[in-house]
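Asker: Here it is, the structure, as structure tokens.
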Amino acid sequence: MMKRAISFLATLMFAFVLSFGLVVNTANAQTSPLIYGETYNIQNGYGNFKGGFLDTRGAGCQDNVYCVSTATSPNREGNKTGSWKIVSSRGVLDNGKSVLTGDEFYLQNQYAAGTYLDTRGYGCNDDKYCVSTATTTNRDSGSGTWRIIPNSGNGGQILKNQPVVLLNGYAGFRGGFLDTRGAGCQDNAFCVSTTGSVNRDSGSTIWKFVK
């Protein structure tokens, strides 16, 4: 009887440890830092993160390479249109390092040849600047550079799943905040442009990097 009781307690303890380990691992996965050189999906915060995933779909918008909007799926057609690599503006030596508050980088879409998130043209969706992708990281006066800023809290490392805003570097960081406004662009979920307001409408300027 005693042996059975000990065996039962040992089984319970093993299950508890296993369960606890899984919880810890999951928490670590959710709070690990963004890393230069890695690829993420970027989810929009509109309506409690129902704004879709940053995506390329269609070509030739604003005389750039691909059009940008959001899709309901992070992997819309299985061809990496919703995948974006964080490329340091300081060069490849940053690969493997953590992304920090206020860092400036490029976002390279992984579809086809790998184009860069860019502002070009203005007034799209009654917003500030139009957003599409370009073949280069610096098409015009910082138009392909983005500064990452936490939506709330202190500085330091930026974490996966952390709400942030992305400020465009055009003309000395006067390019506006990445935003969703309007629906149905390129037969996708929401249209993407930039706005001068850090919180234009119900989380439309808030994003998080997810895997």
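Asker: Under a Cβ-only charge scheme (Lys and Arg +1, Asp and Glu -1), can you give me the dipole magnitude of segment 33-210 about the Cα centre, in debye to the nearest 20?
Answerer: 240 debye
Asker: Extending each Cα 7 Å along its Cβ direction at SER32 and PHE49, get the distance between those two points in nm, one decimal.
Answerer: About 1.7 nm separates the two model spin labels.
Asker: To continue, here is another question. Taking a ≥ b ≥ c as the square roots of the Cα gyration tensor eigenvalues, with a/c under 1.5 meaning rounded and otherwise prolate when a/b beats b/c, else oblate, which class fits segment 61-211?
Answerer: Rounded is the answer for segment 61-211, as its axis ratio a/c remains below 1.5.
Asker: Label segment 71-121 by shape, choosing from rounded, prolate and oblate, from the square roots a ≥ b ≥ c of the eigenvalues of the Cα gyration tensor; if a/c is under 1.5 it is rounded, and otherwise prolate applies when a/b is larger than b/c, oblate when it is not.
Answerer: prolate
Asker: Using only Cα atoms and rounding to the nearest 10 degrees, what angle (0 to 90) does helix 2-30 make with the longest principal axis of the chain?
Answerer: Here the helix axis deviates by roughly 10 degrees.
Asker: Related question: Applying 1/(1 + (r/R0)^6) with R0 = 22 Å to the Cβ-Cβ distance of ALA171 and GLU104, what FRET efficiency is obtained, to the nearest 0.05?
Answerer: 0.95
Asker: Determine which residues of segment 55-73 fall in the zone a paramagnetic label at ALA183 would reach in this model, i.e. backbone nitrogen under 15 Å from the point 7 Å along Cα→Cβ.
Answerer: Backbone N within reach: 70-73.
Asker: Something else: Which Cα, out of SER193, TYR122, ASN168, lies furthest along the positive dipole direction of segment 103-204 (beta carbon charges, K/R +1, D/E -1)?
Answerer: Farthest towards the positive pole: ASN168.
Asker: Between beta-carbons, use under 13 Å as the cut-off and find the net charge around LEU100, counting Lys and Arg +1, Asp and Glu -1.
Answerer: 0
Asker: Taking the alpha-carbon centroid of each part, what is the distance from segment 165-206 to segment 79-117 in angstrom?
Answerer: 18 Å
Asker: Same structure, new question: Give me the net charge of SER141's neighbourhood, meaning all other residues with Cβ under 13 Å from the Cβ of SER141; Lys, Arg count +1, Asp, Glu -1.
Answerer: For residues surrounding SER141, the net value is +1.
Asker: List the lysines whose Cα sits under 29 Å from the Cα of LYS208, skipping any in the same chain fewer than 8 residues away.
Answerer: LYS50, LYS80, LYS85, LYS97, LYS128, LYS160
Asker: Hey, if you put +1 on the Cβ of every Lys and Arg and -1 on every Asp and Glu Cβ in segment 33-210, which of GLN62, LEU100, THR137 ends up farthest toward the positive end of that dipole?
Answerer: LEU100
Asker: Along the Cα-to-Cβ line of ASN95, 7 Å from the Cα, sits a label point; which residues in segment 112-133 have backbone N less than 18 Å from it?
Answerer: 113-116
Coordinate-derived values only; no laboratory data. Every value quoted in this text rests on a predicted model; they were computed, and no experiment measured them. Every residue, glycine among them, receives a Cβ derived from its backbone with ideal geometry; neighbour counts consider all protein chains shown.
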